[in-house]
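First the structure, in the form of structure tokens, and then the observations on it.
Read-outs throughout are calculated quantities, based only on the coordinates presented, and are distinct from any laboratory measurement. What you are looking at is a predicted structure, and each value in this text was computed from that prediction instead of being measured. Note that we place each Cβ from the backbone using ideal geometry, even for glycine, and neighbour counts take in every protein chain shown.
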């Protein structure tokens, strides 16, 4: 290699090294520690936000409960309301059908209906509503602030929609499947195929 070729080769190496270090800093493989100094670091990968977390609510018997009261059992958490015309009753019937197909193992699954309409869904109203569904379902309500905190923890959506007769609630329609330690595992989508939903429930049992 001639001296001129060697200079060009070295220049290309220098350019490549600078480009690599610049990309490494941007990606988080290395981080700047003071002026002109680099130290090894771990890349920061932005993944799914945490789903689930602490809540304090009142169940349909009037008892104050927290997320800790359900720890040790996998949970199926659904946000809905008792005046819901279709999605909520359909989902509760679907969950009853799914757990019946799984059998005794599904007794470990705690199904929670968290209202998005606390103004109308008192413990008494929830208790009356749940008489039509699987007796293992626990209804949860609370103050507007408590419900908002639960919605935020689960990254769920709810919005009051005015109607001619008052209002209805638009809300998330998925069932959150949580492991026994309270961590999120997966979701069952509204009208999901039965085989897929059964497989997902078995993941947390």
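Between residue 153 and residue 199, residue separation times 0.36 nm minus the direct Cα-Cα distance comes to 14.1 nm. List residues of the range 126-155, by number, whose backbone nitrogen lies under 18 Å from a label position 7 Å along Cα→C-beta of residue 93. Hits in the range 126-155 for residue 93 at 18 Å: 129-137. With the highest mean first, a sort of the peptides 188-196, 119-127, 73-81 on other beta-carbon atoms found within 10 angstrom per residue produces 73-81, 119-127, 188-196. Here the simple spin-label model places points 7 Å from the Cα toward Cβ, and for residue 108 and residue 143 these points are separated by 3.7 nm.
Multiply the residue gap between residue 136 and residue 101 by 0.36 nm, knock off their C-alpha separation, and tell me the result in nm, one decimal place.
11.1 nm
For the range 74-205, the Cα gyration tensor yields ellipsoid semi-axes of 24, 15, 14 Å (square root of five times each eigenvalue, largest first, whole Å).
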